[in-house]
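Each reported figure results from applying straightforward, stated rules to the coordinates on display, with no laboratory input. Just so we're clear, the structure is a prediction, and the values are computed from it rather than from any experiment. Backbone-built Cβ (ideal geometry, glycine too); neighbour counts: all protein chains shown.
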Amino acid sequence: VVAIAGTTRDVTDRQAAEQALREQAARLAESDRAKDEFLATLSHELRNPLAPLRNSLALLRRVDGANPKTERIQVIMERQLNHMVRLVDDLLEISRISRGALSLRKEPVEVSTIVHNALETSEPLIQAAGHRLALELAAAPLWVEGDPVRLAQIVANLLNNAAKYSHEGGHITVRSWAEDGHAVVSLRDTGLGIEPEALPRMFEMFSRGHRDSGRPQGGLGIGLALSRRLAQMHGGTLEGYSEGLGKGSEFVLRLPLAQHERHAAPGPAASG
Ligand code: ADP
């Protein structure tokens, strides 16, 4: 009788625990939904005043552009406004992704085109910091099936990070190759590096490091989270590696090779 009573209690305990877990999961889902909604409203509301601000500034520049007294102020305003637009755009993107509202326009894209498109965005930042850039791209074309804009956005995010988190005059190396049915893009820098135990956290939304490095890099801590989600939406992965602070970093993007490419590509890519 004692044994039966014990078993009955175990069963009720388990049911109560399961019920509590279900309630907790429901509360978490609800707070997740509320967070997504807040993020969507916030980013839209922040974006709205930016377009008229931009237009007014452009107008001011036309009217008053040649005035040496105000020219510098206008340049600063323009730079800060562009920065603001980028931050808000990042917020909008991550909010779209969390709500499942971001759709990809996939087409066959070649990896070196992706890298060159990303460089159009990132080269000014790389040059301004006096970094040296080396491109070691696969000689044969690597075709993947993806959204060219989004894929370039991933690589540009990684290039910008390499530029931001390196001391002046760093080296950035971009390589690409085919491996196991995937196109691989590696971005290696000689910059600040990341402690290996902190690395996984850097891919979480709104998580940032190097705040006490004395380098005023603006950012919301969204770039890596966004880039990884975009890579996953392409059936790919994005991983980071670093041996520690001061030892540089490497970020590796892997994307499935397009079907026809797998059969055509020589080596391991063809066998799988
Ligand atoms: P943000 O640059 O806005 O902080 P990210 O999500 O792009 O956001 O990066 C998160 C954090 O990861 C950064 O704050 C930085 O500490 C670290 N990080 C990213 N890329 C690099 C890199 N190439 N070298 C060193 N640290 C990096």
Using a 10 Å cut-off around each Cβ, can you sort D147, D32 from fewest to most neighbouring Cβ atoms? D32, D147
Sort out for me the Cα centre separation of region 129-166 from region 34-96, rounded to whole Å. 26
Neighbour-count ranking [beta-carbon atoms within 10 angstrom, fewest first] of W177, W143: W177, W143
Counting each DSSP H run of 4 or more residues in the chain as -39500 (n - 2.57), what helix-only mean residue ellipticity at 222 nm follows after dividing by all residues, to the nearest 500 deg cm²/dmol? -18500 deg cm²/dmol
Shape call for the chain, from the Cα gyration tensor axes a ≥ b ≥ c (a/c under 1.5 means rounded, otherwise prolate when a/b beats b/c, else oblate), comes out oblate
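Take every Cα pair under 8 Å in the chain that's 6+ residues apart, average their separations, divide by the length, and report that relative contact order as a whole percent.
Value for the chain: 16 percent.
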Put a dot 7 Å past each Cα toward the Cβ at E37 and E18; how far apart are the dots in nm? 3.0
Largest fluctuation, G100, G246, G221 only, Gaussian network model of the chain with Cα springs under 10 angstrom, belongs to G100
By average C-beta atoms within 10 angstrom, highest first, the peptides 188-197, 222-231: 222-231, 188-197
Given a 10 angstrom Cα cut-off, can you work out which residue in D90, D36, D64 is the most mobile in a GNM of the chain? D64
One would report the Cα pair-distance distribution of region 45-93, bin width 5 Å, in %, as 5, 21, 27, 20, 13, 8, 4, 1
